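What follows draws every value from the coordinates through simple rules; no lab data is involved. These numbers were taken from a predicted model, which means no experiment stands behind them. Neighbour counts are summed over all protein chains in view; Cβ atoms, including those assigned to glycine, are modelled from backbone coordinates with ideal geometry.
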Amino acid sequence: MPGIIAFLVIMVESLGAAALLLGLFERFIAFSLGLVMAGAIFMVHISNGFFMNWFGTQKGEGFE
């Protein structure tokens, strides 16, 4: 992942949570956090399927 993308993810997750708590830019921040979570699904968790690893039989966790 490029450094600028990692920096933007960190800023959205930290400053975005604070902005939501303060009630600032709700729709924009919620959309941005949704994009971050979609990126996490498609970059890391999609190969492990949908469900969590309840019984330890999978390689990793799903995106449930």
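Odds and ends about this structure:
- From its DSSP helices (H runs of at least four residues, each -39,500 (n - 2.57)), the chain gives a residue-normalised ellipticity at 222 nm of -18500 deg cm²/dmol.
- Label-point separation in nm, Phe31 to Asn48, each point 7 Å along Cα→Cβ: 3.0 nm
- Folded to 0 to 90 degrees: helix 3-22 orientation relative to the chain principal axis, Cα: 70 degrees
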